[in-house]
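I have placed the structure first, in the form of structure tokens, so that the comments after it can refer back to it.
The values are calculated or read from the model by the stated rules, or taken from the named source; none is laboratory data. What you see is a predicted model, and the numbers here were worked out from it, not measured in a lab. A quick note on method: Cβ atoms are made from the backbone with ideal geometry, for glycine too, and the neighbour counts reach across all protein chains shown. Heads up: the accessible areas ignore ligands, DNA and RNA and are worked out on the full protein's heavy atoms, side chains in. Shrake-Rupley method; radii C 1.70, N 1.55, O 1.52, S 1.80 Å.
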Amino acid sequence: MEVMVLTTIEDVAARAEVSRMTVSRVINKKGYVGEETRKRVEAAIRELNYKPNMLAKALVTKRTNILAYVMVNISDPFHNLVKQGFESSAYHGRFTSMMCDVHSAERQRDYFNMFQEICIGGVVFHHLAITQEQIQELEQAGIQCVLMDNEFDIPDVSTVNTDNYAGGRMAAEHLYEKGYRRIGCVHGELAPGNSNSSTLYKDTFQFRIWQQRTAGFTDALKDHGLDPAGFFLCNGQLEVAEPMSYRIVEQILSVNEPITALYCEDDVMALTIYKRLQERGIRVPEQIAIIGHDGLDMIKALHPQITTVEQPRYEMGRTAAQILIEQIEQGAPPRHIVLQPRLLVGETT
């Protein structure tokens, strides 16, 4: 039986007539290597079809080339482009990407333990309530961290956030410019206190994005001398928003002075409200205009297309992974990035 002989880093060094350390520097892109020497090493790697032993490397460096993207509810349509951007940066940086669905405090704790056990390189936490103590635990294990739209600000930890306040203002300004004056707001949980046994995990802490969007919306109207025509509690999860939307539409249609436009702080909310209004025979936007927030793919595919405040989701994931890689490979200092939304005008305003 033929025995397969694996090529080693020593074989590459011998072929390229350099030291083992030089080959290591070329592979890991660390330390100075002359251009001619680097090309010779790369040629030897190709000729010998050398594949670095990542496990052996991890045993030496105490770190694997794995980046994790941790979010609440991996099936949420918001995450698809964020994941693509994250994976793209990881791939081009020669890192393996790992997607983690956190739907309970217990699952979050399990992932923290796993990250330390497998010596993960870095992790991006998205839309969570990560604390300073938790970050310190991971950093002490040599794990780099980036926060995206976290519930809390944590000093000296890199962040990639979207400007939710600006998005709320953008929605209100657009509706005002279109001539609407009686404008209501459909939002998520703004503060703790409504949780029960059936409450989604994220609704026990995820208040900040709704607070920011609501504040931007309200401030923009006040700048024009207007007050919101009403606030209506909904949810960004489709199976929860669907039943809630019936009650919300009843409330909207029962006010004494008709509401002529709605800012829905999430595209799922906008979609379900739009469906309920259609069922009641309300013409959109002739009788009530609707604008959403996030720029989800399903909104873009609808006809008529719902106007929305689009977030740069691919860029969010790409940027967060790139910051992680720079911190891991170059020891880069923390960075704080705020990405701006843009208005995607459809046919509902």
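Could you please let me know if Leu226 is of a type outside the set (Ser, Thr, Tyr), more than 23 Å from Asn80 (Cα to Cα), open to solvent by less than 60 Å² (accessible area, probe 1.4 Å) and part of a loop (DSSP other than H, G, I, E, B)? Yes: the conditions hold for Leu226.
Residue-by-condition table, conditions (1) assigned to a loop (DSSP other than H, G, I, E, B); (2) farther than 28 Å from Lys202 by Cα; (3) in contact with a Cys (Cβ under 9 Å, 6 or more places away or on another chain):
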{"site": "Val240", "(1), (2), (3)": "no, no, yes"}
{"site": "Pro243", "(1), (2), (3)": "no, no, no"}
{"site": "Arg247", "(1), (2), (3)": "no, no, no"}
{"site": "Glu250", "(1), (2), (3)": "no, no, no"}
{"site": "Pro258", "(1), (2), (3)": "yes, yes, no"}
{"site": "Leu262", "(1), (2), (3)": "no, no, yes"}
{"site": "Lys275", "(1), (2), (3)": "no, no, no"}
{"site": "Glu286", "(1), (2), (3)": "yes, yes, no"}
{"site": "Ile290", "(1), (2), (3)": "no, no, yes"}
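Strands (runs of 3 or more DSSP E) fully within the stretch 303-349 that include at least 2 residues being over 15 Å from the mean Cα position of the chain (by Cα), hydrophobic (A, V, I, L, M, F, W, C) and over 13 Å from Asn161 (Cα atoms): 342-344.
For the stretch 105-129, a residue qualifies if it is outside any loop (DSSP other than H, G, I, E, B) and either within 14 Å of the chain's Cα centre (by Cα) or touching a residue at least 12 places away in the same chain (Cβ under 8 Å) (or both), and the qualifying residues are Ala105, Gln108, Tyr111, Phe112, Phe115, Gln116, Gly122, Val123, Val124, Phe125, His126. When each of Ala44, Ala56 is tested for being part of a helix (DSSP H, G or I), surrounded by fewer than 19 Cβ atoms within 10 Å (Cβ to Cβ) and either of a type outside the set (Val, Ile, Thr) or modelled with pLDDT under 85 (or both), the lone residue that passes is Ala56. Close contacts from the stretch 76-102, counting a first residue that is in contact (Cβ under 8 Å) with a residue 60 or more places away in the chain and within 28 Å of Val26 (Cα to Cα) and a second that is part of a strand (DSSP E or B) and of a type in the set (Gly, Ala, Ser), with Cβ to Cβ under 6 Å and a gap of 6+ residues or different chains, come to Glu87/Ser97; Ala90/Ser97.
Checking each residue in the stretch 118-156 for being farther than 23 Å from Ile74 by Cβ and not small (Gly, Ala, Ser) picks out Cys119, Gln132, Glu133, Gln136, Glu137, Glu139, Gln140, Asp153, Ile154, Pro155, Asp156.
Checking Thr272, Thr348, Thr260, Thr307 one by one, the residue that is open to solvent by 20 Å² or more (accessible area, probe 1.4 Å), among the hydroxyl-bearing types (Ser, Thr, Tyr) and over 27 Å from Cys100 (Cβ atoms) is Thr260 and no other. Close Cβ contacts (under 8 Å, 6 or more residues apart or on different chains) running from residues in the stretch 27-45 that are free of Cβ contacts under 8 Å to residues at least 40 places away in the same chain to residues that are surrounded by 13 or more Cβ atoms within 10 Å (Cβ to Cβ) and part of a loop (DSSP other than H, G, I, E, B) comprise Ile27/Pro52; Thr37/Val18; Arg40/Val18; Val41/Val18; Val41/Val33; Ala44/Tyr50. Of everything in the stretch 138-161, what is open to solvent by 10 Å² or more (accessible area, probe 1.4 Å) and in contact with a strand residue (DSSP E or B) (Cβ under 6 Å, 6 or more places away or on another chain)? Give them in sequence order. Result: Gln144, Asp149, Thr159, Asn161.
State whether one or more residues within the stretch 227-236 are closer than 23 Å to Gln305 by Cα and modelled with pLDDT under 95. Among the residues of the stretch 227-236, at least one is closer than 23 Å to Gln305 by Cα and modelled with pLDDT under 95, which makes the answer yes. Of all residues in the stretch 229-248, those being buried (at least 20 other Cβ atoms within 10 Å of the Cβ) and among the hydrophobic types (A, V, I, L, M, F, W, C) number 5.
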